[in-house]
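The values are calculated or read from the model by the stated rules, or taken from the named source; none is laboratory data. Keep in mind that what you see is a predicted model, and the values were worked out from it rather than measured. In this analysis, Cβ positions are derived from the backbone assuming ideal geometry, glycine residues included, and neighbour counts consider all displayed protein chains. Note: areas computed on protein heavy atoms with side chains; ligands, DNA, RNA excluded. Shrake-Rupley method; radii C 1.70, N 1.55, O 1.52, S 1.80 Å.
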Amino acid sequence: MLALEGLMMNRPLMISHIIQHAAMNHGKREIVTRLPENHQIHRYGYADAHARSQKLANMLTRDMKIKEGDRVSTIAWNSHRHFELYYAVSGVGAVINTVNPRLSPQHIIWILNHSQSKAVFFDSTFAPLIDGIAEHCKTVKNWVVMGGGELRGATKTQTDAYEDMIAGHKASYDWPDFDENAAAGLCYTSGTTGDPKGVLYSHRSTVLHALASTSSDVIGVGASGVLLPVVPMFHVNAWGIPYAAAMTGAKLVMPGARLDGEGLHELIESEQVSYVAGVPTVWLGLLQYLKQTGKRIDSVDRVLIGGSALPEALLRAYEDEYGVRMQQGWGMTEMSPLGTVNVPLPKHAGISREEEIKVKLKQGRLVFGVEMRIVDDEGNVLPRDGESSGHVQVRGPWIASAYYRGAGDESFTDDGWFKTGDVAHLDEDGFMTITDRSKDVIKTGGEWISSIDLENAAMGHKDVALAAVIGRAHPKWQERPLLIVQLREGAKPDAQSILDYLSGQVAKWWVPDAVEFIDAMPIGATGKVLKTKLREIYKDFKFPDA
Ligand code: AMP
């Protein structure tokens with residue numbers, strides 16, 4: 001019993017409320033898409049998007065018999081149709097599982113089976129991938145190509161076409177209100193232990209996260225803003241931008257399949273984009289294009305950069321030469337993803353440019369809603385002194401409490417915190433600086449590589465006694481895998497033969513950039529290879545092509 005209960009309405013936080021709000025209050029504000037299937041520009045308003053989401057909702061529930069809690073997957077670029085799926089699938093009470101097409105076909109099959117997806121919506125550019133996986137995905141009843149009927153021939157797999165399927169349905173659907181804690185979205189992230197892990201977002205977590213991200217120190221783009229999420233909609237809901245934009249009525253620009261410098265520049269110019277979000281690799285590509293052509297991006301005011309550390313050269317180039325403010329953010333799939341954002345404080349006014357750069361290279365300060373503590377190996381909380389590095393743990397209403405159908409709970413503490421796998425320190429102002437990563441995965445160009453999968457594959461080579469993979473800095477990809485091998489007795493070092501062997505087993509972009517041979521692998525007390533020691537030994541290692 002409460003001593004005195006507040007007298008406020010207890011309306012549930014529903015994702016469908018966001019699109020209804022956008023349609024009613026920002027109905028004509030545009031969503032512009034470079035269509036993945038033919039690169040042409042498609043534009044319509046939030047009211048049109050809402051109408052088509054309702055047709056889609058009718059189609060999902062009537063034709064496909066999608067019920068509450070069912071999983072519906074997408075393998076798709078950022079587009080208006082993907083946006084419609086975000087709202088329609090969760091709006092009917094089902095769960096949208098956004099699959100990363102850059103994963104290996106084996107991982108995609110694993111995810112579709114693990115999530116027991118009933119339907120998969122895909123862009124026609126992924127037709128060969130679909131043909132390779134369809135027969136292994138037994139729960140999938142419908143494969144839907146995102147476009148018109150002419151795209152049905154793109155696959156050998158029996159497919160339906162999105163436009164044909166929604167055409168006959170009514171553009172009105174009575175979005176139900178239900179428990180705000182119901183699952184709404186699912187996104188798998190690469191785990192330390194090979195198999196991907198599912199993060200299951202709820203309506204409540206998604207709406208709260210979007211609300212927080214619209215505040216002025218975070219995305220802070222209102223109805224007059226023009227937002228370009230380069231970060232894919234298969235990567236933690238494009239950092240929540242499809243929700244935040246609809247909440248505020250910002251114009252939303254979807255780049256489809258063209259994430260190259262020229263493609264992005266063209267869209268930024270033609271749509272007068274003011275705010276862009278993406279990983280550093282994409283920014284490097286755009287920078288190269290701007291430098292080569294002498295073109296500019298004067299409409300852009302701010303760039304949100306995250307997923308990997310913001311490289312200093314990139315920060316200087318965009319801010320000093322192009323007048324774009326670079327804002328670093330940190331988070332992860334398990335955090336929806338928002339954790340910290342780098343915004344200078346009043347006390348930084350008037351500091352020198354060099355001092356300012358030092359501040360901007362930190363990962364940032366906490367967004368309200370996320371709590372953080374830094375602990376040592378024994379779990380003792382470390383002081384916020386800007387020096388004491390330790391394991392980052394977080395908690396909050398948009399942070400995972402468990403993995404979907406997950407086996408282990410080693411990522412969660414007994415007292416309710418999530419172990420991020422990042423190592424960092426906090427200073428007295430709350431600025432976090434990442435110093436290392438304890439989770440055994442490598443992040444390259446915004447995508448994960450499982451070091452364990454690579455090691456297992458390498459151990460299959462006849463000359464390899466022990467294999468370990470660590471990430472090392474790379475100027476273009478932030479990090480690339482370095483394979484370290486202890487040879488079997490009598491074997492001759494032959495790096496190329498090991499790399500050729502790996503090429504047949506893992507995705508091409510997973511193949512390590514170099515192999516180093518070591519006489520004796522450092523082994524810890526529990527019999528495991530000591531990666532910390534390896535990182536120390538190879539701390540000055542440089543990739544040959546870098
Ligand atoms: P993901 O789940 O794919 O979004 O990846 C999250 C991970 O990316 C984090 O745990 C960090 O290791 C890394 N990461 C994200 N943002 C940053 C950043 N600004 N600086 C350094 N690492 C980052």
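Inter-label distance, ALA520 to GLU489: 1.5 nm, where each label sits 7 Å from its Cα along the C-beta direction.
Please work out how much length the chain gains when fully extended from PHE541 to ARG62, using 0.36 nm per residue of separation minus the C-alpha to C-alpha distance, in nm with one decimal. Kindly include the intermediate steps, with their values, before the conclusion.
On the way: separation 479, 0.36 × 479 = 172.44 nm, distance 5.81 nm.
So the extension gain works out to 166.6 nm.
Summary value for segment 442-537: 26 percent relative contact order, contacts being C-alpha pairs under 8 angstrom separated by 6+ residues.
Taking all Cα-Cα distances within segment 402-535, those exceeding 17 Å account for 65%.
Taking the mean number of other Cβ atoms within 10 Å as a proxy for protection, how do you rank 294-304, 336-346 from highest to lowest?
Ranking the peptides 294-304, 336-346 by packing returns 336-346, 294-304.
Computed from the C-beta positions of GLN288 and SER497, the FRET efficiency with R₀ = 22 Å rounds to 0.05.
Starting from 0.36 nm per residue, how many nanometres of slack lie between ASP376 and SER215 once their C-alpha separation is accounted for?
Using 0.36 nm per residue and subtracting the Cα-Cα distance, I get 54.7 nm.
Once the Cβ-Cβ distance between LEU345 and LEU530 is put in as r, and R0 is 41 Å, what FRET efficiency do you end up with, to the nearest 0.05? It comes to 0.55. Under the criterion of Cα pairs below 8 Å and six or more residues apart, the relative contact order for the chain equals 10 percent. Placing a label point 7 Å from the Cα of SER438 along the Cα-to-Cβ direction, the residues of segment 347-383 whose backbone N falls under 17 Å from that point are 372-383. Per residue, segment 441-529 exposes 46 Å² of solvent-accessible protein surface, assessed with a 1.4 angstrom probe and all protein chains in place. Each residue of the chain gets 176 Å³ once the volume of the Cα convex hull is shared out per residue. Of the listed pairs LYS358/LYS476; LYS291/LYS443; LYS358/LYS528; LYS118/LYS156, which have alpha-carbon separations greater than 29 Å here? Over 29 Å apart, Cα to Cα: LYS358/LYS528.
The smallest convex shape that holds all Cα atoms of segment 119-163, its convex hull, gives 55 Å³ per residue. Per-residue surface analysis assigns GLU5 an accessible area of about 130 Å², computed on protein heavy atoms at 1.4 Å probe radius.
May I ask for the distance between the Cα centers of segment 493-546 and segment 133-187, given as a whole number of Å? Each part reduced to its Cα centre gives a spacing of 42 Å. Straight-distance candidates among the aspartates and glutamates for linking to LYS141, with alpha-carbon spacing under 13 Å and chain neighbours fewer than 8 residues away dropped: ASP63, ASP70, ASP160. Taken as Cα centroids, segment 15-32 and segment 317-340 sit 26 Å apart, rounded to the nearest whole angstrom. Of the chymotrypsin sites (Phe, Trp or Tyr not before Pro) found in segment 341-409, the ones in coil according to DSSP and having at most 13 other Cβ atoms within 10 Å of their Cβ are PHE368. Principal axis extents of the Cα atoms in segment 79-177, from largest to smallest and rounded to whole angstrom, are 38, 31, 22.
Can you pull the percent of the chain's accessible area that's carbon plus sulfur, 1.4 Å probe, other chains left in place? Don't skip to the end; give the middle numbers.
Numbers: 11770 of 23120 Å².
On the chain, the fraction of accessible area on carbon and sulfur atoms equals 51 percent.
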